[in-house]
C-alpha cells in the first residue's frame, strides 16, 4: 500500500474526477502542475471563461505567496505544517522542543498523495483532509529513506524541511543501555509483559542454541520499544539544598562584621568604642545562631544515619569497615587490550596437569551428584534468591524480567533441559561484558583496578544450578574443609567473620600479654592465574561425573570478554587461563583447585611427622629429617 501511494501516477484523463483539499487553496499553489490536476465536476467540455477564471485564481494565489517573504510549506517532525519561512519553522521547533524528542522522518502530506494513483482509499483520505502519516525512527534501515526520496519526484515550490539525522547508534560490544522495566509492585503490567513475551517466544523456530541466542534480543527489543531506556547519569547535577533563614542571617551578620572591621581601622578613638560594642553584639548573635545550626546539622545527620541502618543494616555496617575507593583509569585502548591479552594468555594451557602421586586418592563418594537436567524447582529457587540489583550481561536482560514473568522463565527452563541433554552451551552464555572497579582511593593504573565480568542472566542461571549441585555434593561427602574455605558454599563464615575472629585474637593477646603470630598471604591475581587443566584434574580428583565435567568444559572452552570504560570499549578477549570474577561457578571451581593445593602440604606434613617419629626411635632427629 505504501509503495503504491508513493509511485508516480500516470497523467489524469479528462474522465477522472479529483478534488483538491481546501487547505491547498489557502496555502497557495505548490507548483505549476496544479492546474493540470484540476478537473471540473461539470460537463466534459470546459468553457473558456472557466479556464480563464482558473488561471486568474492560480496567478493571484501564486503572487500572494511570492509576496509573503519567500514563504513555503514547512513541515516539522511533530506533524505541524504551515506556509511560513524557514525562520518560522525554527521558531516553532524552539518553542515546542521538537528537536529534543526522538527524531523521526517528516509526515508526508496530501501533496505526495495527489501524485499517486487515484485509488479509492486515497480519494477517501483526500476528501476527509487527513494525513497519511509515514513515520520511521532513526534506528531503521537508512535505505528506506533513500528509496522514498528517489521514487517521489521533487515538487516545485514546496520545501521539505527535515532535521539532520543523527548517526546510527553504534552497538558497543558487551554493553546495552538499561531498560526502564516497571516496578515489581505493578502486577497487572507484568502480567501483560509475561503474556506478550510468551506468545512471541513460542513462535521461535530453529535449534535450541538459536532459540537461546535469539531469546535475549527479543526480550530486550520488547522492553526498549515499550518502556524505553534509562538516560546516562553522568551529566546529572546534584541539586543544592535550600538556604534556611538562619543561614541567611548568619551570612548577613558575617558581611556586617567585615564592614565594621574595615570601619574600625579608619575610625577615630571615640568611634572605635561604638564599633567594638557592635562587634561584640554581632559575635554573641553569631555564636547563638551557629550553635543552633550545628545542632540542627547533627540532628539531621543522626536521622539520616538511622534511616540508612534500618533500610539495609548489612550495607551500612559494610560501609563502616570498607575503605573509600575511587579513581578513573588513565590508559589508552591499545595498552589495556595488550594488558588483557598478556594476562589471560597461557602458552601451556594444553599441557596436562596431574595430581602428585604422593597424595593418596580420596575415597569414592557416599552421596552421588545429580546428573539429570535442571528441575523447575531448582531454576525457580535460583532466580528467587538472586538479587534484583545485579547488573545484566551483554544482552541487557536483568533478573527482574524472570522474577516477574514466570511463563518466560518456564520457557527458558524447557530450553535449558534440552541444552543439558544435548550438552550444548550457547555462545551468548560464553560472552561477558565487564567493568573495572578501583581497589583503592585515587586509582589510575591498571594494576589498581579489579575486573568484574557481567555475563548474561540466562547462562548464570544454568551454571548456578550446576554449582549448587556440586557444592552440595562436596559438602555432604566432606571433600572440602569448610573451616578454611568460605566462598562458593553457603552457610559458612566469610571475610568479615574471619577478620573479626583475627581481631578478637589480637585483642586477647594484648590483654593476656602473650605473643601471637599472624601471617597474611595475598596471592597475586589468584582468580586469574588458575590453569584450566588444574580444574579438570580437580574434577577427576573429587570424582565429578563426566556429564557435569563435559558441561563445565564446554562453558570454559570459548569464554570471551570485553571491558567498557568511560572513553572506550575493548575488543573481545579470550580467557585462556584463570576464571572470571562474576561467574556463578568461579568461586566453587577456585575452591576445588585450592583444596588440591592445600591437601598437598598437609599430606607432606603428616608424612614428615611420621618419618621424624620413626627416626627418633633409633637416633636423634637430624636436620635432614626435619627438612624432609
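A straight line joining the Cα centroids of segment 418-478 and segment 504-541 runs 22 Å.
Sorting 479, 178 by the number of Cβ atoms found within 10 Å of their own Cβ, with the fewest placed first, yields 178, 479.
If R0 is taken as 25 Å, the Cβ-Cβ distance between residue 78 and residue 180 corresponds to a FRET efficiency of 0.60. Look at the Cα gyration tensor of segment 323-472: its axes a ≥ b ≥ c give a/c of at least 1.5 with a/b at or below b/c, and that counts as oblate.
Stretching residue 572 away from residue 385 to a fully extended chain increases their span by 64.2 nm, per 0.36 nm per residue minus the current alpha-carbon distance. Here the Kirkwood formula, the inverse mean of 1/r across different C-alpha pairs, assigns segment 468-590 a hydrodynamic radius of 17.5 Å.
Principal axis extents of the C-alpha atoms in segment 398-454 (largest first, rounded to whole Å): 47, 28, 12.
Taking 0.36 nm per residue of separation and subtracting the current Cα-Cα distance, fully stretching the chain between residue 490 and residue 254 would add 79.0 nm. Computing FRET efficiency as 1/(1 + (r/R0)^6) for residue 357 and residue 377, where r is the C-beta to C-beta distance and R0 is 56 Å, gives about 0.85. In a fully extended conformation the segment linking residue 499 and residue 244 would gain 87.3 nm over its present Cα-Cα distance, using 0.36 nm per residue. Prolate is the label for segment 245-321, because a/c, from the alpha-carbon gyration tensor with a ≥ b ≥ c as root eigenvalues, is 1.5 or above and a/b exceeds b/c. Ranking of 591, 250 by neighbouring Cβ atoms within 10 Å, starting from the fewest: 250, 591. In terms of surrounding Cβ atoms within a 10 Å radius of their Cβ, 195, 307 rank from fewest to most as 307, 195. Here each label is just a point 7 Å from Cα along the line to Cβ, and for residue 332 and residue 195 those points are 5.7 nm apart.
Each label was represented as a point 7 Å from its Cα along the Cα-to-Cβ direction; for residue 529 and residue 410 these points are 5.0 nm apart.
Here the simple spin-label model places points 7 Å from the Cα toward Cβ, and for residue 367 and residue 549 these points are separated by 2.3 nm.
Read the figures in this text as sums done on the coordinates, not as results from a lab. Treat the numbers as computed from the prediction; the structure is a model and nothing was measured. Cβ: placed from backbone, ideal geometry, glycine included. Neighbour counts: every protein chain shown.
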